[in-house]
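Student: Here it is: the structure, laid out below.
The values are calculated or read from the model by the stated rules, or taken from the named source; none is laboratory data. No experiment lies behind these values; they were computed from the predicted model shown. Here the Cβ positions follow ideal geometry from the backbone for every residue, glycine too, while neighbour counts run over all protein chains shown. The protein model used for the area step is the full one, side chains on, heavy atoms only, and it has no ligands, DNA or RNA in it. Shrake-Rupley method; radii C 1.70, N 1.55, O 1.52, S 1.80 Å.
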Amino acid sequence: MTTPTFTPRVFSGIQPSGGLTLGNYLGAIKRFVSMQDEAFETIYCMVDLHAITVWQDPADLRHNTRELAAGFIASGISPEKSILINQSQVPEHAQLAWIFNCVARMGWMKRMTQFKDKAGKNAEAASLGLFGYPALMAADILIYHATHVPVGEDQKQHLELTRDIAAKFNHDYGVDFFPLTEPVIEGAATRVMSLRDGSKKMSKSDPSDASRINMTDDADTLAKKIRKAKTDPDALPSEAAGLADRPEARNLVNIYAALNDQSVEEVLREVGGQQFGTFKPLLAELAVAKLSPISEEMARLMADPSEIDRILSRGAGQAREITAPILEKTYEIVGMVR
Ligand code: ATP
Ligand code: MG
């Protein structure tokens, strides 16, 4: 059988499970924006069906979905260059996810560390959706035959599972239908850590607001959170090796580098030898300079949510031109009478 060539196509999503964080921006959105100008079709998604794998107040979910769309657009994702969608408006995602629930194996799913982290000690009380999350994520990607997925490092395991699902489907049905998607995990901040605990990822769903920088934080809040960020008492090193056993220091330097589009080495050449009392205000100033234009634009867009709704509805129409034929073909391969 000849191996099909797939259109270079990017898909990625973010959950409206809270407000956007600096981790989402540096780990994912910055790359979403740059990939629009490379040789890819780009599709970016608010994954509302993923968000409800843990409880979401309905009014908050509606607000967060629109605010996330505003965050995408304000960060530079153009509805002219990219297809921008809300997951539940493109029903083929959930339809393909059912097929993938029947392809993925229990043993594979039980190894997923995100489920273990999110379910915590009381896994029996977690939703079935939280357990099945990675199969829906595989469907989000593969319903577009996406070839590349820009994500933060925490999603690497889910992308490996996506490839396993694609490979098993292709093998079981004797086809070469789904591509083996490549993760794109690049940059100085693929894993931004909590400001309170250098061993924990910064997350929008962390109960502690002090643990994260929100894209909507004002300049004072931002400066205060950075000033209070956990650090050690030593001065900054002049070389990256000096950050090896200093997770909190490394995190702040990585954030600085990613915000300023510099390498960690370049940053340390400038700030090596500084105490945190000097470095933190510099970081706060840089963060305000980079983030406040985005948060101001988000606020402007949120003043007219009907325009956001129009953009999402148009995106859903464009998306379904891709997803409907791929779902039909999948059903045909599986043997469903249509
Ligand atoms: P939640 O706590 O609800 O899971 P989250 O902040 O982890 O929210 P997601 O919607 O799960 O955000 O992830 C969206 C994208 O942001 C993914 O590509 C993910 O890898 C990336 N991402 C999330 N947190 C970080 C982080 N701390 N550093 C870098 N990338 C991140
Ligand atoms: Mg997450």
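Student: Name the residue that is farthest from Ala223 (Cα to Cα), counting only residues in segment 1-52 that are among the β-branched types (Val, Ile, Thr) and under 12 Å from the mean Cα position of the chain (by Cα).
Tutor: To start, the set of residues in segment 1-52 that are among the β-branched types (Val, Ile, Thr) comprises 2-3, 5, 7, 10, 14, 21, 29, 33, 42-43, 47, 52.
From the residues that got through so far, the ones that are under 12 Å from the mean Cα position of the chain (by Cα) too are 14, 21, 29, 47.
Values: Ile14: 26, Thr21: 15, Ile29: 22, Val47: 30 Å.
Filtering segment 1-52 for residues that are among the β-branched types (Val, Ile, Thr) and under 12 Å from the mean Cα position of the chain (by Cα), the one farthest from Ala223 (Cα to Cα) comes out as Val47.
Student: While we're looking at this one, here's another question. Would you mind telling me which numbered condition in (1) near ligand 1 (Cβ under 10 Å from one of its atoms); (2) polar (S, T, N, Q); (3) surrounded by fewer than 18 Cβ atoms within 10 Å (Cβ to Cβ) Asn251 fails?
Tutor: Going through the list (1) near ligand 1 (Cβ under 10 Å from one of its atoms); (2) polar (S, T, N, Q); (3) surrounded by fewer than 18 Cβ atoms within 10 Å (Cβ to Cβ), Asn251 breaks only (3).
Student: Next question. Checking Val54 against (1) buried (at least 24 other Cβ atoms within 10 Å of the Cβ); (2) within 16 Å of ligand 1 (Cβ to nearest atom), which single condition isn't satisfied?
Tutor: (1)
Student: Would you mind stating whether Gly242 is closer than 30 Å to Gly335 by Cα, away from ligand 1 (no atom under 13 Å from the Cβ) and not polar (S, T, N, Q)?
Tutor: Details: closer than 30 Å to Gly335 by Cα: no; away from ligand 1 (no atom under 13 Å from the Cβ): yes; not polar (S, T, N, Q): yes.
No; evaluated as a whole, the condition is false for this residue.
Student: Okay, next question. Taking Lys156, is it in a helix (DSSP H, G or I) and in contact with a strand residue (DSSP E or B) (Cβ under 7 Å, 6 or more places away or on another chain)? Outline the logic, then answer.
Tutor: Working: in a helix (DSSP H, G or I): yes; in contact with a strand residue (DSSP E or B) (Cβ under 7 Å, 6 or more places away or on another chain): yes.
Judged against the criteria, Lys156 is a match.
Student: Just wondering, is there one or more residues in segment 6-20 that are in contact with a helix residue (DSSP H, G or I) (Cβ under 8 Å, 6 or more places away or on another chain), of a type in the set (Gly, Ala, Ser) and at positive phi?
Tutor: Here is the first cut: in segment 6-20, the residues in contact with a helix residue (DSSP H, G or I) (Cβ under 8 Å, 6 or more places away or on another chain) are 10-20.
Those left that are additionally of a type in the set (Gly, Ala, Ser): 12-13, 17-19.
Narrowing further to those that are at positive phi: 18.
Within segment 6-20 (the criterion being in contact with a helix residue (DSSP H, G or I) (Cβ under 8 Å, 6 or more places away or on another chain), of a type in the set (Gly, Ala, Ser) and at positive phi), the answer is yes, since at least one residue qualifies.
Student: Could you please find all residues in segment 278-332 being small (Gly, Ala, Ser) and either within 24 Å of the chain's Cα centre (by Cα) or not in a helix (DSSP H, G or I) (or both)? Walk me through it before giving the result.
Tutor: Filtering segment 278-332 for residues small (Gly, Ala, Ser) gives 284, 287, 289, 292, 295, 299, 303, 306, 313, 315-317, 319, 324.
Passing the criteria: Ala284, Ala287, Ala289, Ser292, Ser295, Ala299, Ala303, Ser313, Gly315, Ala316, Gly317, Ala319.
Student: Within segment 112-120, is there a residue that is β-branched (Val, Ile, Thr) and either open to solvent by less than 40 Å² (accessible area, probe 1.4 Å) or modelled with pLDDT under 95 (or both)?
Tutor: To start, the set of residues in segment 112-120 that are β-branched (Val, Ile, Thr) comprises 113.
Of the ones still in play, those that are also either open to solvent by less than 40 Å² (accessible area, probe 1.4 Å) or modelled with pLDDT under 95 (or both) are none.
Taking every residue of segment 112-120 in turn, none turns out to be β-branched (Val, Ile, Thr) and either open to solvent by less than 40 Å² (accessible area, probe 1.4 Å) or modelled with pLDDT under 95 (or both).
Student: When only residues in segment 157-186 that are within 25 Å of Asp261 (Cβ to Cβ) and touching a Lys or Arg at 6+ places or on another chain (Cβ under 7 Å) count, which is most open to solvent (accessible area, probe 1.4 Å)?
Tutor: Glu186
Student: Pick from Ser82, Ser12: which is at pLDDT 95 or above, buried (at least 22 other Cβ atoms within 10 Å of the Cβ) and in contact with a Ser or Thr (Cβ under 7 Å, 6 or more places away or on another chain)?
Tutor: Working: Ser12 fails: in contact with a Ser or Thr (Cβ under 7 Å, 6 or more places away or on another chain).
Going through Ser82, Ser12 in turn, the sole match is Ser82.
Student: Continuing with the same structure: From the list Ala167, Ala139, which residue is in contact (Cβ under 8 Å) with a residue 12 or more places away in the chain, more than 16 Å from ligand 2 (Cβ to nearest atom) and under 16 Å from the mean Cα position of the chain (by Cα)?
Tutor: Working: Ala167 fails: under 16 Å from the mean Cα position of the chain (by Cα).
Just one listed residue meets the conditions, Ala139.
Student: Kindly indicate the residue of segment 27-45 that is of a type in the set (Phe, Trp, Tyr) and open to solvent by less than 20 Å² (accessible area, probe 1.4 Å) and also nearest to ligand 1 (Cβ to nearest atom) among those meeting that condition.
Tutor: Going through segment 27-45, the residues of a type in the set (Phe, Trp, Tyr) turn out to be 32, 40, 44.
Filter once more, keeping what is open to solvent by less than 20 Å² (accessible area, probe 1.4 Å): 32, 44.
On the way: Phe32: 9, Tyr44: 11 Å.
Top of the filtered list is Phe32.
Student: Output yes when any residue across segment 18-26 is open to solvent by 40 Å² or more (accessible area, probe 1.4 Å) and modelled with pLDDT of 95 or more, and no when none is. Don't jump to the end; show me each part of the working.
Tutor: Initial filter on segment 18-26 (open to solvent by 40 Å² or more (accessible area, probe 1.4 Å)): none.
Within segment 18-26, not a single residue is open to solvent by 40 Å² or more (accessible area, probe 1.4 Å) and modelled with pLDDT of 95 or more.
Student: Right, here's the next one. Just name the residue that is nearest to the chain's Cα centre (by Cα) out of those in segment 142-156 that are open to solvent by less than 10 Å² (accessible area, probe 1.4 Å) and hydrophobic (A, V, I, L, M, F, W, C).
Tutor: Once the filter is applied, the top-ranked residue is Val149.
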